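See below for the structure under consideration.
The values are calculated or read from the model by the stated rules, or taken from the named source; none is laboratory data. Predicted model only: the values in this text are computed from it and were never measured. Positions of Cβ are generated from backbone atoms using ideal geometry, with glycine treated the same way; all protein chains shown enter the neighbour counts. The area values use the complete protein model at the heavy-atom level, side chains included, leaving out ligands, DNA and RNA. Shrake-Rupley method; radii C 1.70, N 1.55, O 1.52, S 1.80 Å.
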Amino acid sequence: MKAPFKIYLSVMILALLIMSCNLLNTASPGLEATQVALAIQQTSMVMEQTRAAQAEPPAAIPEPDVQPTYTPYPTFTPQEVGEAPPDVPVEEPTVALPEPTEEPEIALSFEEWLKDIEILLYNDMHGEGRPMVIEPAIDAMGLRRNTTNVRDFMGHLLDNLNSPTDWDLVIVAAESRSSVSGEYFDQIADRLDRGSSIILEIWYLDQVFHGRVQPLMQRCGISFHRDWPRDPNANLNSFLVYLLEPEHDLFSTPNTVGMLRPYDVLWISPFWVVDAGDLLKINPGSSAVLLAGSQPREHRSYGLIAECMEGRMIWQTFATQDYRTQEMINLWQNYIYHTLRARYEYLQE
């Protein structure tokens, strides 16, 4: 702005000087003096106005009013009372509630549990004309309605062993030397593995112990020891069954049972003459127990009643019908009670 203004001022002064010179050349002397004076006066006035203009600050140019930025308010949508805005999650206040405590199941007593048990019975003495022993023992215990009795029908026995029924006790009384062998022993072993209790009366182990009964015997920790033959004229006192563990509850609950004696009067003789049964022995390291045997002081062999699997299985290797009926009914009741008790305790684990 300053440079153009100086140029303008210089031009004006130069113009005035030229005019003054012209006047001097054309006018009279007096007039010329007057004109020169006026020109100098005008030049001086121009110079003063120019200096005054430079000294004054330029007038401030008013700036336009700046309005504040307008931020529109969000559209208000009325909400129903109790509802949260649609996109805003409602945080429920956290309240520490006590954890629910499961009420402990009240275990049934053994006597209550007995009301709903399942027993499978096979007894091949049906039709032999001898007094029955196992069925009266079950009836006296009030367990007939809990028992599926297939009598001597082997097919029904196999069907029921293969059924989905969760048998609490399986009784196989193969006293009549029937064909309980092979796959029957497989199924009995399977039932034992599934938690059932087993009572097995078998007195022909000398004929089958090399077969499929062997794994079952190994599972129990017992082995075939020797045959127990009996001649027709043998002294029956040689066939007493001695209690090897007389304090065991098998011989006290629910009945008191002592040494077993065969029939020894003239009008009754042992039903099975040639073969009295088989003798067992305990395997090394086994937890099986010989509870009765043919030798009163031999606890590891010559066994006739063996227990294994914590009481869930009992082996009897002599013939029930060769001994006094009521004594054997009492013993079979103890068998049933003892194995059912072991099954009950097994289920509580």
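Contact annotation: residue pairs with Cβ atoms under 9 Å, 6 or more positions apart or on different chains, pairing a residue in segment 100-124 that is more than 15 Å from Y346 (Cα to Cα) and open to solvent by 70 Å² or more (accessible area, probe 1.4 Å) with a partner that is part of a loop (DSSP other than H, G, I, E, B) and modelled with pLDDT under 95, are K115/L108; D116/L108.
Looking at E349, E345, E307, E327, which is the one that is within 37 Å of the chain's Cα centre (by Cα), acidic (D, E) and surrounded by 16 or more Cβ atoms within 10 Å (Cβ to Cβ)?
Checking each option against the conditions leaves just E307.
Could you tell me whether any residue of segment 269-277 is closer than 29 Å to D168 by Cα and open to solvent by less than 70 Å² (accessible area, probe 1.4 Å)? Yes, segment 269-277 has at least one match. When the residues of segment 160-182 are filtered to those that are in contact with a helix residue (DSSP H, G or I) (Cβ under 7 Å, 6 or more places away or on another chain) and open to solvent by 60 Å² or more (accessible area, probe 1.4 Å), the one that is nearest to A342 (Cα to Cα) is N162.
Having 1 or more residues that are under 18 Å from I314 (Cβ atoms), of a type in the set (D, E, K, R) and within 40 Å of the chain's Cα centre (by Cα) is the bar; report the helices (runs of 4 or more DSSP H) wholly within segment 130-211 that clear it. Walk me through how you get there before you give the answer.
On the way: elements: 134-140, 154-161, 183-193, 205-208.
Qualifying helices (runs of 4 or more DSSP H): 183-193.
Quick check on my filter: what residues within segment 314-330 are in contact with a strand residue (DSSP E or B) (Cβ under 7 Å, 6 or more places away or on another chain) and in a helix (DSSP H, G or I)? Steps first, answer last, please.
Initially, segment 314-330 is screened for residues in contact with a strand residue (DSSP E or B) (Cβ under 7 Å, 6 or more places away or on another chain), giving 314-320, 322-323, 327.
Hits for segment 314-330 are T320, D322, E327.
Residues of segment 321-349 that are among the hydroxyl-bearing types (S, T, Y) and at pLDDT 95 or above: Y335, Y337, T339, Y344, Y346.
For the subset of segment 226-249 comprising residues that are within 19 Å of K281 (Cα to Cα) and hydrophobic (A, V, I, L, M, F, W, C), which member is surrounded by the fewest Cβ atoms within 10 Å (Cβ to Cβ)? Here the answer is L240.
Remark: pairs (first residue in segment 215-235, within 17 Å of D193 (Cβ to Cβ); second residue open to solvent by 60 Å² or more (accessible area, probe 1.4 Å) and small (G, A, S); Cβ separation under 7 Å; 6+ apart in sequence or on different chains) = G221/S287.
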